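Engineer: Pasting a structure here, questions to come.
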Amino acid sequence: MNDVAIIGVGLHPFGRFAKSAVQMGAEAIQLALADANLDWPDIQFAVGGSHEVSNPDAVTRLVGLTGITFTNVFNACATAATAIKVCADTIRLGTHEIGIAVGLDKHPRGAFSDDPATMALPQWYGENGQFVTTKFFGMKANRYLHDHDISRQTLAKVAAKNFRNGALNPKAFRRKPIPEEEILASAVLNYPLTQYMFCAPDEGAAAVIMCRGDIAHRYTSTPVYLRAAEIQTRHFGSYEVHATCAPVEETASPTVYAARAAFEAAGLGPADVDVIQLQDTDAGSEVIHMAETGFCADGDQEKLIADGATEIGGSMPVNTDGGLIANGEPIGASGLRQVHELVVQLRGQAGARQVPGEPKVGFAQVYGAPGTASATIVSL
């Protein structure tokens, strides 16, 4: 299989802005082009994703109408990871040598999703207040903490760590550290999760330029290689968003299968990873995904987090840029933000949040309702 290299990354800040999602996408593209020392006409094809924008290919009217192939994708919170996979696979197939994956979104304030129709849910789901980010993730976290003897204090530690990391990230939405006590004392949205344990829908864009691995050094002296980009859906019996109750016997989450497939494709294992990006729609999700991706056993998170293993200077740094909790989640851009962070970490360009010891391998995971998970591995 042909290697694919990442040669340019661009990240528009996440937050709230007086501009359209398409404008933010164009700015992210320009940043990625500058990073790769390329011009837009050098790009042979593009893949783009968004939740709010039905045709993200409209970004071409702002960066240049060059007639390139542009494929629009959507896979809920796994949209950006899907754009990465489609872009990489197109290069591996030999159709094109160099392309760009871009994600952009501009979400209204409030929980995902006040309108059940946007998530293909029945009307009564929204009428009963069962919004995805609070109701489902609260129930899932509550059961997991009960089954594996994990405390709510650990959830507060996760959120506090991500707020601290976000304060070191000039492009994060929330850039103010919040102590554990304040996180625990904030309003309970769905037990055991409080207000400051959740991410927020917001706005932003990100772009990643990829090319054939054997030509990467034409463009950069520090290529980062995309070793795996895997996507899996759920198996029957897994406890996911569309379920109204948990089945008696559960199968593993699609995250488990996506991570296994990615490690197999890359010829690597969790012990080889130096920087980790996990979907932290809420603090409980980060805890759960630590085990589902193979970085620890169920229940080991309590001690690992208490000992500082997931901090920037720890043995398994997680969400070094603040994750979703600090950055928020513009769905179309979120997984590309993760890869942007991995690339700058592996290049040693992360500034105050740089992982020590010259990291060489990065891992990113996102989970999209109603049960689509992706795992991406990059390395020097």
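Engineer: Need a quick list: helices (runs of 4 or more DSSP H) entirely within segment 261-339 having at least 3 residues that are at pLDDT 95 or above and crowded, with 24+ Cβ neighbours inside 10 Å.
Structural biologist: 283-292, 323-327
So that you can scan it fast, the table gives a plain yes or no per residue for (1) aromatic (Phe, Trp, Tyr); (2) on the phi < 0 side of the Ramachandran plot; (3) at pLDDT 95 or above; (4) not assigned by TED's automatic domain parsing to the domain that holds residue 366:
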site	(1), (2), (3), (4)
173	yes, yes, yes, no
184	no, yes, yes, no
231	no, yes, yes, no
244	no, yes, no, no
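Engineer: Could you tell me whether residue 158 is in contact (Cβ under 8 Å) with a residue 40 or more places away in the chain, buried (at least 23 other Cβ atoms within 10 Å of the Cβ) and over 25 Å from residue 49 (Cβ atoms)?
Structural biologist: Working: in contact (Cβ under 8 Å) with a residue 40 or more places away in the chain: yes; buried (at least 23 other Cβ atoms within 10 Å of the Cβ): yes; over 25 Å from residue 49 (Cβ atoms): yes.
Spelling it out, residue 158 is indeed in contact (Cβ under 8 Å) with a residue 40 or more places away in the chain, buried (at least 23 other Cβ atoms within 10 Å of the Cβ) and over 25 Å from residue 49 (Cβ atoms).
Engineer: Any residue in segment 300-312 that is closer than 30 Å to residue 108 by Cα, in contact (Cβ under 8 Å) with a residue 24 or more places away in the chain and not aromatic (Phe, Trp, Tyr)?
Structural biologist: no
Engineer: Additional query: Inside segment 204-219, can you point out the residues that are part of a strand (DSSP E or B) and more than 14 Å from the chain's Cα centre (by Cα)?
Structural biologist: Listed by number, the residues that qualify are 209, 210, 211, 212.
Engineer: How many residues does segment 26-41 hold that are in contact with a helix residue (DSSP H, G or I) (Cβ under 8 Å, 6 or more places away or on another chain), within 29 Å of residue 214 (Cβ to Cβ) and either touching a residue at least 24 places away in the same chain (Cβ under 8 Å) or not assigned by TED's automatic domain parsing to the domain that holds residue 105 (or both)?
Structural biologist: At the first step, the residues of segment 26-41 found to be in contact with a helix residue (DSSP H, G or I) (Cβ under 8 Å, 6 or more places away or on another chain) are 26, 28-30, 33, 39-40.
When the remaining residues are screened for being within 29 Å of residue 214 (Cβ to Cβ), the result is 28-30, 33, 39-40.
Okay, now just the ones that are also either touching a residue at least 24 places away in the same chain (Cβ under 8 Å) or not assigned by TED's automatic domain parsing to the domain that holds residue 105 (or both), so 28-30, 33, 40.
Adding up the residues that qualify gives 5.
Engineer: Can you name every residue in segment 340-370 that is in contact with a strand residue (DSSP E or B) (Cβ under 6 Å, 6 or more places away or on another chain) and modelled with pLDDT under 95?
Structural biologist: Those that are in contact with a strand residue (DSSP E or B) (Cβ under 6 Å, 6 or more places away or on another chain) and modelled with pLDDT under 95: 367, 368.
Engineer: Would you point out which residue out of 16, 61 is assigned by TED's automatic domain parsing to the domain that holds residue 210, out of contact with any strand residue (DSSP E or B) (no Cβ under 8 Å at 6 or more places or on another chain) and at pLDDT 95 or above?
Structural biologist: Details: 16 fails: out of contact with any strand residue (DSSP E or B) (no Cβ under 8 Å at 6 or more places or on another chain).
Of 16, 61, the one residue that is assigned by TED's automatic domain parsing to the domain that holds residue 210, out of contact with any strand residue (DSSP E or B) (no Cβ under 8 Å at 6 or more places or on another chain) and at pLDDT 95 or above is 61.
Engineer: Any residue at all in segment 78-86 that is over 12 Å from residue 333 (Cα atoms), at pLDDT 95 or above and either of a type in the set (S, T, N, Q) or touching a Lys or Arg at 6+ places or on another chain (Cβ under 8 Å) (or both)?
Structural biologist: no
Engineer: Going by the conditions given, is residue 251 modelled with pLDDT under 95, within 20 Å of residue 295 (Cα to Cα), surrounded by 19 or more Cβ atoms within 10 Å (Cβ to Cβ) and outside the structural domain of residue 88 (by TED's automatic domain parsing)?
Structural biologist: no
The values are calculated or read from the model by the stated rules, or taken from the named source; none is laboratory data. These figures come from a predicted structure and were not determined experimentally. As a convention, Cβ positions derive from the backbone with ideal geometry for all residues, glycine included, and neighbour counts pool all protein chains shown.
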